[in-house]
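K.L.:
This is the structure I have questions about; it appears just below.
The values are calculated or read from the model by the stated rules, or taken from the named source; none is laboratory data. Everything numeric in this text was worked out from a predicted model, so none of it was measured. Neighbour counts are summed over all protein chains in view; Cβ atoms, including those assigned to glycine, are modelled from backbone coordinates with ideal geometry.
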Amino acid sequence: MTIELSYNSNFMRLQDNVVSYGYKNSSIANGIDTTQYKALYDASCKQLLADRQILSRILTGCVPEYKDLSAQDIEELYIESVPRISEVPVHHNTMPRITGIDKEDSTVEEGKVVFDILFKASFPDTGRTGQLIIDVEAQNAFKPPYPLESRMMYYLGRLLSRQHDTEFKNDEYGKLKKVYSIWICTNATGKFRNTINMYPIAEKHIEGYAKWNQKDYDLMTGIMIGIDTSRPAAGHGLLRMLGILLSDQISAENKKAILTREFGIRMSEQLNKEMTHMCNLSEGVFAHG
């Protein structure tokens, strides 16, 4: 399966040049600055994470609804839509929706802010029907000038509110689909390295013991994943897989061997290509940095 990136056309040409000739070629290296390298690196990172094999392992590794399922079953049976990469805007004055959205959408005031990877997945056999809407964010700047947790909550709110007129109309709030926003922080530091934190909506009894229907308020959950790409976690879990996949210190060939041997990931032509691209680009960033 091929997933098209929404790269700027100039960046696509730059990527082809970098991969074809290598960052050491002075005629290429001199014409591409570090910012452009990083933009290409980020785009390649999203492409890797959007592979169905990788997404299925993310779901089984941190989303409770899928914890008892195999990655293969999730990949083949539950991930329903083709992941949309850097296409769907987070906010816009005209309120575009999850479905039927123009790929080029921006505002003068806010600029273009998009969900990194957005897709739908059906509920497993847990007595709850319907779909989940899942956003996966590749966050390379671990300490931006704002709290990542607050941005994650904003994204969750947007994933809910933009379902109006597509998933439900008027006051049919019972038709809202549950949303997840999963943030993969590739440069986590200190105590945040190799960690997974979950932020669900939970009922708390202040007085009395009345229980409301959980499925009617359990509609959004945020997940923060801190990856140590310089020293991937031990074991065979999600943290190790992501640490290997996104490491900028492991060669493409070693990554492929480890991911195949330890996690049973099939090296498709697309996955091979993107892994090689990202490794070449990470070397380019290092050379310019």
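K.L.:
Within the stretch 158-175, is there a residue that is crowded, with 21+ Cβ neighbours inside 10 Å and without any contact (Cβ under 8 Å) to a residue 60 or more places away in the chain?
P.N.:
Within the stretch 158-175, not a single residue is crowded, with 21+ Cβ neighbours inside 10 Å and without any contact (Cβ under 8 Å) to a residue 60 or more places away in the chain.
K.L.:
Something else now. Could you check, for the stretch 181-195, whether at least one of its residues is buried (at least 20 other Cβ atoms within 10 Å of the Cβ), closer than 20 Å to Met153 by Cβ and touching a Cys at 6+ places or on another chain (Cβ under 8 Å)?
P.N.:
yes
K.L.:
So, in the stretch 268-278, how many residues would count as being in a helix (DSSP H, G or I), surrounded by fewer than 22 Cβ atoms within 10 Å (Cβ to Cβ) and of a type outside the set (D, E, K, R)? Step through it out loud before you land on a result.
P.N.:
Within the stretch 268-278, the first condition is being in a helix (DSSP H, G or I), and the residues that meet it are 269-278.
Pick out the ones that are also surrounded by fewer than 22 Cβ atoms within 10 Å (Cβ to Cβ) and you get 269-273, 276.
Filter once more, so that each one left must be of a type outside the set (D, E, K, R): 270-272, 276.
The qualifying residues number 4.
K.L.:
Tell me, which residue of the stretch 244-267 that is in a loop (DSSP other than H, G, I, E, B) and in contact (Cβ under 8 Å) with a residue 40 or more places away in the chain is farthest from Gly190 (Cα to Cα)? If you could, list the steps in order and put the result at the bottom.
P.N.:
So in the stretch 244-267, the residues in a loop (DSSP other than H, G, I, E, B) come out as 246-251, 264-267.
Next cut, in contact (Cβ under 8 Å) with a residue 40 or more places away in the chain only: 246, 264-266.
Working: Leu246: 18, Gly264: 30, Ile265: 30, Arg266: 33 Å.
Per the criteria, the residue is Arg266.
K.L.:
Name the pairs: first residue in the stretch 221-243 and farther than 30 Å from Glu203 by Cβ, second residue of a type in the set (Ser, Thr, Tyr) and assigned to a loop (DSSP other than H, G, I, E, B), Cβ to Cβ under 7 Å, at least 6 apart or on different chains?
P.N.:
Every condition considered, the pairs that remain are Ile227/Thr186; Thr229/Thr186; Thr229/Ser247; Pro232/Ser247; Gly243/Thr229.
K.L.:
Could you list, in sequence order, the residues of the stretch 150-203 that are closer than 30 Å to Arg231 by Cα, touching a helix residue (DSSP H, G or I) at 6+ places or on another chain (Cβ under 9 Å) and of a type in the set (Phe, Trp, Tyr)?
P.N.:
Scanning the stretch 150-203 gives Tyr180, Trp183, Tyr199.
K.L.:
Still on this structure, please answer the following. Considering only the stretch 19-68, state which residues are over 20 Å from the mean Cα position of the chain (by Cα) and modelled with pLDDT of 90 or more.
P.N.:
Passing the criteria: only Asp68.
K.L.:
Cβ-Cβ distance below 8 Å, separation of 6 or more or different chains: which pairs start in the stretch 64-83 with a residue that is in contact (Cβ under 8 Å) with a residue 24 or more places away in the chain and end on one that is crowded, with 20+ Cβ neighbours inside 10 Å and assigned to a loop (DSSP other than H, G, I, E, B)?
P.N.:
Close Cβ pairs satisfying both conditions: Pro83/Ala50.
K.L.:
Kindly indicate the residue of the stretch 122-141 that is more than 15 Å from the chain's Cα centre (by Cα), surrounded by 13 or more Cβ atoms within 10 Å (Cβ to Cβ) and not basic (Lys, Arg) and also farthest from Ile79 (Cα to Cα) among those meeting that condition.
P.N.:
Filtering the stretch 122-141 for residues more than 15 Å from the chain's Cα centre (by Cα) gives 122-131.
Right, trim to surrounded by 13 or more Cβ atoms within 10 Å (Cβ to Cβ) and you get 122-124, 128, 130-131.
Of the ones still in play, those that are also not basic (Lys, Arg) are 122-124, 130-131.
Values: Ser122: 7, Phe123: 10, Pro124: 11, Gly130: 12, Gln131: 10 Å.
Of everything passing the filter in the stretch 122-141, Gly130 is farthest from Ile79 (Cα to Cα).
K.L.:
Just for the stretch 72-103: of the residues that are among the aliphatic types (A, V, I, L, M) and modelled with pLDDT of 85 or more, which one is nearest to Arg266 (Cα to Cα)?
P.N.:
So in the stretch 72-103, the residues among the aliphatic types (A, V, I, L, M) come out as 74, 77, 79, 82, 85, 88, 90, 95, 98, 101.
Then keep just the ones that are modelled with pLDDT of 85 or more; that gives 74, 77, 79, 82, 85, 88, 90.
Working: Ile74: 15, Leu77: 17, Ile79: 17, Val82: 18, Ile85: 21, Val88: 28, Val90: 32 Å.
Here the answer is Ile74.
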